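> I have a structure here, written as structure tokens, and I will follow up with some questions on it.
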Amino acid sequence: MGKRAWAALLLACALPCAALAQGLQYNVRVNAPDQLEDLLTDNLDLLRFRGNPRIDREQLQRMARSAPEQAKTLLATAGYYSPLVSTRIEGLRDGEGGTPTVVVDVQPGEPVRVGSVEIVLQGFAGSGETPFDKAALQAAWPLSEGEIFRQDAWEQAKRALLRQVVQTRYPRAQLADSLATVDPDQHTAALRVVLDSGPELRFGALRVEGLRRYPASIVANLNQIKPGDYYSEAALQAYQSRLQDTGYFASVEVTADLSAVLDEQLDAAAGKRADAMAPLPLLVRVVENKRRNVSAGLGYSTNTGNRAQLNYDDLAIFGLKMKSALTLETKKQTARGDFYFPVTPDGYSDSFGGAYERSDIEGEETTVFTVSAKRAWGTPLLERSLGVELLTEQKTVAGQPNVRSTSLPLTYSVTRRKLDNLLFPTKGHVLNWQIGGALLPLLTDEPFIRASTKAMWYIPFGAKSTVILRGELGALASKQKDGVPAIYQFRAGGDQSVRGYAYQELGVRKGDATVGGRYLATGSAEYQYWFKPSWGAAVFYDAGNASDSFSGLHPKSGYGVGARWKSPVGPINVDVAYGHAVKKARLHFSLGFTF
């Protein structure tokens, strides 16, 4: 036999073996409504085993026969208990060429909907100084009458109900019973949930573990949970967040020591009886940060240019926390050091510090020495502060002689946040008000008063879109502007002001320079569309200006497009804006919008 004949024989033997190794190839077509097609496509054995090398004609026929029952079971989880399901195989007969197709036809019928809902609460306290709000618990039940009864929604509703309770004074609550009675003829489901509260628990005394370098007052002063308060998961989380924000700790864990509950349960099992459950000790475990920390970094800002920064922190200098930074930028150079007292039991955060700053922006050169003190209090939702600072400023404008001034202003600030998410907001608003000035001639060359307000609104516009509105107003009152520090005057333009213009480019023209004005008004409208969870695009329109008079507030506009990315530290914005007044485009880069 020749070589060609041997090759043909080997090929003829190999083809059946290859076909056997690949298994029977077939297609599946599911004819069902869109919301059910994905459910069946993801779970039917016909699709899960497609491509398996062991599938042959007989096994395919067996799976096709069992598919209707399997489909009915899957459809029941979506609320359809009386569907009509049939299957057929096209192209499997002997002599027919091509790949066979299994067709699954589904008529789901009328879905089963939630009929009655009965929530039985066992053991919950109904009286006392702050009775448990049973009505609110029942009103929050997420699976309401008339909704399609889906198995996953039923399980999620029970978990949500239990989660809502265990975060309150009943951390040992549990589902004693749950039953869903389905009536296929009436297409309704009667739901019954029995929730047992378990013991009512209260907080006990504070116990701290892990402190070595820093005083216990740092932990104790931030504790707003008093012995005898009802157990609350939200209170624990808020306390933990406050401790993490201090900077003293690498990690913080705030819990209630439930071992007391376990001891009570063991005693009950042994036949012993207690009049009341023992309070739960409030347990704080911390891992301290190193006392000293040095860090350095390089960066770039489209506002102030290239940046090099060196930070040095010491967390224990005579019981105070010290933070210092040296920042060198193209348009601004800053050296600053601040000392922070531990937060007081009343929630006040006091600090003092000093700073040196030199800047050269739009032809105005300033050198400022500052000594300041500040008291801050409140929460991230409502922050307030009162600060005083002594400034000595030297200013040169467009090559004119230096002007030196001194001022002692006092400033009160309030920031109110009402957002669905503090890091990545999509709904809500942020408002800031500031009022202050140097009203007395004490260490002040020119008395003045200054007020400003900023606002930002997030408005959902569909599932993937958000409209952001932003505005800022400011006014300065003084007999004359000379002698008022430049930082207390108003200018506009830059990444988080009017895009399309350089940083603080908009203001009062003085020769070849731009200086601050008495009045400020800016506004912005932006539309964001998130085509992926972390990636989005934006279009925007900004307008505003600063001037020494209301009549001079001629708005300068800028508009453009941008890219958005939800980074781990907040939204990063990259914008290209066209400044209508200057007739050129400018790149802007910023991280979120904070004030």
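> Can you find a residue in the range 135-145 that is surrounded by 15 or more Cβ atoms within 10 Å (Cβ to Cβ) and either closer than 19 Å to residue 236 by Cβ or among the β-branched types (Val, Ile, Thr) (or both)?
no
> Of all residues in the range 546-569, which are of a type in the set (Gly, Ala, Ser), farther than 26 Å from residue 488 by Cβ and surrounded by 15 or more Cβ atoms within 10 Å (Cβ to Cβ)? Talk me through it step by step, then tell me what you get.
Of the residues in the range 546-569, the ones of a type in the set (Gly, Ala, Ser) are 546-547, 549, 551-552, 557-558, 560, 562-563, 567.
Filter once more, so that each one left must be farther than 26 Å from residue 488 by Cβ: 557, 560, 562-563, 567.
Passing the criteria: 557, 560, 562.
> Next up: Only one of (1) part of a strand (DSSP E or B); (2) small (Gly, Ala, Ser); (3) under 36 Å from the mean Cα position of the chain (by Cα); (4) surrounded by fewer than 16 Cβ atoms within 10 Å (Cβ to Cβ) is not met by residue 204, so which one is it?
(4)
> Spot the failing condition for residue 581; the list is (1) surrounded by fewer than 18 Cβ atoms within 10 Å (Cβ to Cβ); (2) in contact (Cβ under 8 Å) with a residue 40 or more places away in the chain; (3) within 18 Å of residue 470 (Cα to Cα); (4) not basic (Lys, Arg), and only one is missed.
(3)
> Return the pair list, or none, for Cβ contacts closer than 7 Å from residues in the range 559-574 that are outside the structural domain of residue 303 (by TED's automatic domain parsing) to residues that are of a type in the set (S, T, N, Q) and outside any strand (DSSP E or B), at least 6 apart or on different chains.
From residues that are outside the structural domain of residue 303 (by TED's automatic domain parsing), the pairs are 565/534; 566/534.
So that you can scan it fast, the table gives a plain yes or no per residue for (1) closer than 15 Å to residue 468 by Cα; (2) part of a strand (DSSP E or B):
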| residue | (1), (2) |
| --- | --- |
| 499 | yes, no |
| 523 | yes, yes |
| 526 | yes, yes |
| 546 | no, yes |
| 571 | yes, yes |
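> Related question: Being in contact with an Asp or Glu (Cβ under 7 Å, 6 or more places away or on another chain) and surrounded by fewer than 17 Cβ atoms within 10 Å (Cβ to Cβ) narrows it down to one of 388, 371, 397, so name that one.
On inspection, the qualifying residue turns out to be 371.
> Further question: Would you check if there is a residue in the range 386-409 being of a type in the set (Lys, Arg) and touching a helix residue (DSSP H, G or I) at 6+ places or on another chain (Cβ under 9 Å)? Step through it out loud before you land on a result.
In the first step, residues of the range 386-409 are kept if they are of a type in the set (Lys, Arg); the result is 395, 404.
Narrowing the set further to residues that are touching a helix residue (DSSP H, G or I) at 6+ places or on another chain (Cβ under 9 Å) leaves 395.
Among the residues of the range 386-409, at least one is of a type in the set (Lys, Arg) and touching a helix residue (DSSP H, G or I) at 6+ places or on another chain (Cβ under 9 Å), which makes the answer yes.
> So which of 531, 490 is surrounded by fewer than 19 Cβ atoms within 10 Å (Cβ to Cβ) and in the same structural domain as residue 438 (by TED's automatic domain parsing)?
Numbers: 490 fails: surrounded by fewer than 19 Cβ atoms within 10 Å (Cβ to Cβ).
Result of the check over 531, 490: 531.
> Right, here's the next one. Among the residues of the range 425-435, are any crowded, with 16+ Cβ neighbours inside 10 Å, under 28 Å from the mean Cα position of the chain (by Cα) and not in a strand (DSSP E or B)?
Checking the range 425-435: at least one residue is crowded, with 16+ Cβ neighbours inside 10 Å, under 28 Å from the mean Cα position of the chain (by Cα) and not in a strand (DSSP E or B).
> Which numbered condition trips up residue 30, out of (1) at pLDDT 90 or above; (2) within 18 Å of residue 99 (Cβ to Cβ); (3) part of a helix (DSSP H, G or I)?
Evaluating residue 30 over (1) at pLDDT 90 or above; (2) within 18 Å of residue 99 (Cβ to Cβ); (3) part of a helix (DSSP H, G or I) leaves (3) as the failure.
> Can we say residue 121 is of a type outside the set (Phe, Trp, Tyr), at pLDDT below 90 and not assigned by TED's automatic domain parsing to the domain that holds residue 29? First the steps, then the outcome.
Values: of a type outside the set (Phe, Trp, Tyr): yes; at pLDDT below 90: yes; not assigned by TED's automatic domain parsing to the domain that holds residue 29: yes.
Yes: the conditions hold for residue 121.
> Oh, and also: What are the residues in the range 344-386 that are of a type in the set (Gly, Ala, Ser) and closer than 20 Å to residue 244 by Cβ, if any? I'd like the intermediate steps shown before the answer.
First, pick out the residues of the range 344-386 that are of a type in the set (Gly, Ala, Ser): 347, 349, 351, 353-355, 359, 363, 372-373, 376, 378, 385.
Listed by number, the residues that qualify are 347, 349, 351, 376, 378.
> Next question, about the same structure. Consider residue 129 carefully, then state whether it is modelled with pLDDT of 85 or more, among the charged types (D, E, K, R), more than 15 Å from residue 197 (Cα to Cα) and not in a helix (DSSP H, G or I).
On the way: modelled with pLDDT of 85 or more: no; among the charged types (D, E, K, R): yes; more than 15 Å from residue 197 (Cα to Cα): yes; not in a helix (DSSP H, G or I): yes.
The answer is no for residue 129.
> Look through 363, 347, 297 and report the one residue that is closer than 30 Å to residue 236 by Cα, surrounded by fewer than 18 Cβ atoms within 10 Å (Cβ to Cβ) and of a type outside the set (Lys, Arg).
Details: 363 fails: closer than 30 Å to residue 236 by Cα; 297 fails: closer than 30 Å to residue 236 by Cα.
Selected residue: 347, the only one of 363, 347, 297 that is closer than 30 Å to residue 236 by Cα, surrounded by fewer than 18 Cβ atoms within 10 Å (Cβ to Cβ) and of a type outside the set (Lys, Arg).
> Sticking with this structure for a sec: Which condition number does residue 303 fail, the rest of (1) touching a Phe, Trp or Tyr at 6+ places or on another chain (Cβ under 6 Å); (2) in the same structural domain as residue 487 (by TED's automatic domain parsing) being met?
(2)
> Taking the conditions exactly as written (over 24 Å from residue 172 (Cα atoms), surrounded by 13 or more Cβ atoms within 10 Å (Cβ to Cβ), outside the structural domain of residue 314 (by TED's automatic domain parsing) and at pLDDT below 90), does residue 257 satisfy them or not?
On the way: over 24 Å from residue 172 (Cα atoms): no; surrounded by 13 or more Cβ atoms within 10 Å (Cβ to Cβ): yes; outside the structural domain of residue 314 (by TED's automatic domain parsing): yes; at pLDDT below 90: yes.
No: the conditions fail for residue 257.
> With of a type in the set (S, T, N, Q) and on the phi > 0 side of the Ramachandran plot as the only criterion, which of 496, 480, 489, 504 stands out?
Working: 496 fails: on the phi > 0 side of the Ramachandran plot; 480 fails: on the phi > 0 side of the Ramachandran plot; 489 fails: on the phi > 0 side of the Ramachandran plot.
Being of a type in the set (S, T, N, Q) and on the phi > 0 side of the Ramachandran plot holds for just one of 496, 480, 489, 504, which is 504.
> What single numbered condition from (1) within 29 Å of the chain's Cα centre (by Cα); (2) surrounded by fewer than 17 Cβ atoms within 10 Å (Cβ to Cβ); (3) touching a residue at least 12 places away in the same chain (Cβ under 8 Å); (4) outside any loop (DSSP other than H, G, I, E, B) fails to hold for residue 179?
Only one criterion in (1) within 29 Å of the chain's Cα centre (by Cα); (2) surrounded by fewer than 17 Cβ atoms within 10 Å (Cβ to Cβ); (3) touching a residue at least 12 places away in the same chain (Cβ under 8 Å); (4) outside any loop (DSSP other than H, G, I, E, B) is unmet by residue 179, namely (1).
> Restricting attention to the range 348-402, which residues are of a type in the set (A, V, I, L, M) and without any contact (Cβ under 8 Å) to a residue 60 or more places away in the chain?
Kept after step one, since they are of a type in the set (A, V, I, L, M), are these residues of the range 348-402: 355, 361, 368, 371, 373, 376, 381-382, 386, 388, 390-391, 397-398.
Matches in the range 348-402: 355, 371, 373, 376, 381, 382, 386, 388, 390.
The values are calculated or read from the model by the stated rules, or taken from the named source; none is laboratory data. Since this is a predicted model, take the numbers as computed values, not measurements. Virtual Cβ from ideal backbone geometry, glycine too; neighbours counted across all protein chains shown.
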